[in-house]
Amino acid sequence: MTNKYMIFIANWKMFGGLNSLNSINPVIKFLKIFKNKKSVKIIYCPPTTLIYPMYKRLKNTPLMVGGQNCHENHKSGAFTGSINTTMLKNVGASYVIIGHSENRRNGENNTLINQKIKSAINSGLNVIFCIGETLGERKKKLTKKILNRQITSGLKKIKNKKKILISYEPVWAIGTGLIPKINELYETISFIKNKFKDYKVLYGGSVNPKNIKDLKTIENLDGFLIGGASQNSKKFIDIIKKTYN
Ligand code: PGA
């Protein structure tokens, strides 16, 4: 995997204030001297409150900024507490995470997710489109069926494949320290790639500096979405370094 172009997404979730911006400095420094820097893409998705300050900090670096969710309507409206894709773009975001299981759990269904993706594309954003099965679904051997449905509905009438990164995140692997068996993960990623051709596919769920040694052996992966470990610059850098070792 040494020379492969890989994408690393830092999903900070609902963590961090202005002070946390300092933790990106070591990552910027590291990237300047990293021998594989041309093959690395790093996208930070901080809480919405940090998008603009982070954008300013990253402006003259190759690192990019994204939001963690959006409203489905790209036009303004009376939706208290919501933020649309036009607004995200306006404060410097180039990406937005859509369909994360932490939001699906709060009632976001495939139809709404499809509307959000359309809205993001409309506003010129790239989409980090999260999919994944629950433990119950996995036990019932429904993984492929669920993923197929999530992708088919989520990407309905979406033509621009280059704007979408699919991130496979088994719900039971997020924040638990568990990851799928490597051969099973390989099979799932192959299933997605064969069925939905030309999309880049990432893996997310408990990626850390230890398990990256196994995860990086999955040749058809295009990168990783990293939650907990991405808030710690040392761990985040370690994951990137080890991916290319
Ligand atoms: P985690 O989160 O790395 O903390 O498991 C991943 C995610 O939610 O995308």
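The values are calculated or read from the model by the stated rules, or taken from the named source; none is laboratory data. Source: prediction; values computed, not measured. We place every Cβ from the backbone using ideal geometry, glycine too, and count neighbours over all the protein chains shown. Accessible surface is based on the protein model in full, side chains and every heavy atom, while ligands, DNA and RNA are left aside. Shrake-Rupley method; radii C 1.70, N 1.55, O 1.52, S 1.80 Å.
If I ask for residues that are buried (at least 18 other Cβ atoms within 10 Å of the Cβ) and in contact with a Cys (Cβ under 9 Å, 6 or more places away or on another chain), which ones from the range 103-112 would you list? Hit for the range 103-112 is Arg104, nothing else. Lys41 meets the conditions (1) basic (Lys, Arg); (2) in contact with a helix residue (DSSP H, G or I) (Cβ under 6 Å, 6 or more places away or on another chain); (3) part of a strand (DSSP E or B) in every case but one. The failed one is (2). Being more than 17 Å from the chain's Cα centre (by Cα), surrounded by fewer than 21 Cβ atoms within 10 Å (Cβ to Cβ) and away from the ligand (no atom under 14 Å from the Cβ): is that true of Tyr199 here? Considered against the rule, which asks whether it is more than 17 Å from the chain's Cα centre (by Cα), surrounded by fewer than 21 Cβ atoms within 10 Å (Cβ to Cβ) and away from the ligand (no atom under 14 Å from the Cβ), Tyr199 comes out as no. Name the residue that is nearest to Phe129 (Cα to Cα), counting only residues in the range 58-82 that are crowded, with 19+ Cβ neighbours inside 10 Å and away from the ligand (no atom under 16 Å from the Cβ). Top of the filtered list is Cys70.
Kindly provide the set of residues from the range 206-226 that are in a loop (DSSP other than H, G, I, E, B) and within 14 Å of the ligand (Cβ to nearest atom), ordered by number.
Ser206, Val207, Asn208, Pro209, Lys210, Asn211
Residue pairs whose Cβ atoms lie under 9 Å apart, sitting 6 or more positions apart in sequence or on different chains, and linking a residue in the range 165-184 that is under 21 Å from Gly154 (Cα atoms) and among the aliphatic types (A, V, I, L, M) to a partner that is near the ligand (Cβ under 10 Å from one of its atoms) and in a loop (DSSP other than H, G, I, E, B), are Val171/Gly132; Val171/Gly205; Ile174/His100; Ile174/Gly132; Ile174/Gly205; Ile174/Ser206; Ile174/Gly227. Listed conditions (1) touching a helix residue (DSSP H, G or I) at 6+ places or on another chain (Cβ under 6 Å); (2) of a type in the set (A, V, I, L, M); (3) open to solvent by 60 Å² or more (accessible area, probe 1.4 Å) are all met by Val96, apart from (3).
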